[in-house]
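A.B. asks: Have a look at this one.
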Amino acid sequence: MSLAKPWRDLDRSTVGSAPERYALYELGDADGETVGFGAGVLRDELKEALAYGDAAKVRWELADSVDHAERLLADHVEE
């Protein structure tokens, strides 16, 4: 299930402004179709996603801890 958040372009500006907090994130292609989900320290995860170039867009939901981020991920993968 997709996050109910607006897409942001996955570029250096977005990565630079992303908080260094745990989060669930959703990656999308140029058309806004979901290509994957992940959880972790958001800025680090987005740096990696940008380097690999598999996605054009991103949206996220911040979490309070790594456990919280992993629970959010599990909830979205199950739906």
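A.B. asks: What ³J(HN,Hα) values, in whole Hz, does the Karplus curve 6.51 cos²θ - 1.76 cosθ + 1.60 give for region 69-75 when θ = phi - 60°, with x put for Gly and Pro?
C.D. replies: With coefficients 6.51, -1.76 and 1.60, one gets 4, 5, 5, 4, 4, 4, 4 Hz.
A.B. asks: When ranked by the protection proxy of mean other Cβ atoms within 10 Å per residue, highest first, what sequence do the peptides 65-75, 33-43 form?
C.D. replies: Result, highest mean Cβ count within 10 Å first: 33-43, 65-75.
A.B. asks: If you don't mind, there's one more thing I want to ask. Taking θ = phi - 60°, what integer Hz values does the Karplus form 6.51 cos²θ - 1.76 cosθ + 1.60 yield along region 41-53, in sequence order, with x for Gly and Pro?
C.D. replies: 6, 3, 4, 5, 5, 6, 4, 5, 4, 5, 5, 7, x
A.B. asks: Based solely on its DSSP helices, what 222 nm [θ] is calculated for the chain when runs of n ≥ 4 H residues each add -39,500 (n - 2.57) and the sum is averaged over all residues, nearest 500 deg cm²/dmol?
C.D. replies: Dividing the helical sum by the residues of the chain leaves -11000 deg cm²/dmol.
A.B. asks: Further, regarding this structure: Whenever you get a sec, compute what percent of the accessible area on region 1-62 sits on carbon and sulfur atoms (1.4 Å probe).
C.D. replies: 44
A.B. asks: Taking the dipole about the Cα centre of the chain, with the C-beta of Lys and Arg at +1 and of Asp and Glu at -1, give me whichever of TYR22, MET1, ALA74 is farthest to the positive side.
C.D. replies: The listed residue farthest towards the positive side: TYR22.
A.B. asks: Continuing with this model, one more query. Tell me the per residue accessible area of the chain using a 1.4 Å probe; a whole number in Å² is fine.
C.D. replies: It amounts to 60 Å² per residue over the chain.
A.B. asks: Would you please calculate the Kirkwood hydrodynamic radius of region 17-75 over all C-alpha pairs and express it in Å, rounded to one decimal?
C.D. replies: 11.3
A.B. asks: Considering Cα pairs under 8 angstrom that are at least six residues apart, work out the relative contact order of the chain and quote it in whole percent.
C.D. replies: Dividing the mean separation by the residue count of the chain yields 39 percent.
A.B. asks: Mind putting a number on the dipole of the chain about its Cα centre? Charges go on the C-beta only, +1 for Lys and Arg and -1 for Asp and Glu, and I need it in Debye to the nearest 20.
C.D. replies: 360
A.B. asks: Can you run phi through the Karplus equation (6.51, -1.76, 1.60; θ = phi - 60°) for region 25-39 and list ³J(HN,Hα) in whole Hz, with x for Gly and Pro?
C.D. replies: Values per residue, Gly and Pro as x: 10, 10, 9, x, 7, 4, 8, x, 8, 5, 10, x, 10, x, 9 Hz.
The values are calculated or read from the model by the stated rules, or taken from the named source; none is laboratory data. These numbers were taken from a predicted model, which means no experiment stands behind them. When we count neighbours, we look across all protein chains shown, and the Cβ atoms used for this are built from the backbone with ideal geometry, even at glycine. Areas reflect the complete protein model, heavy atoms only, side chains present, ligands, DNA and RNA absent. Shrake-Rupley method; radii C 1.70, N 1.55, O 1.52, S 1.80 Å.
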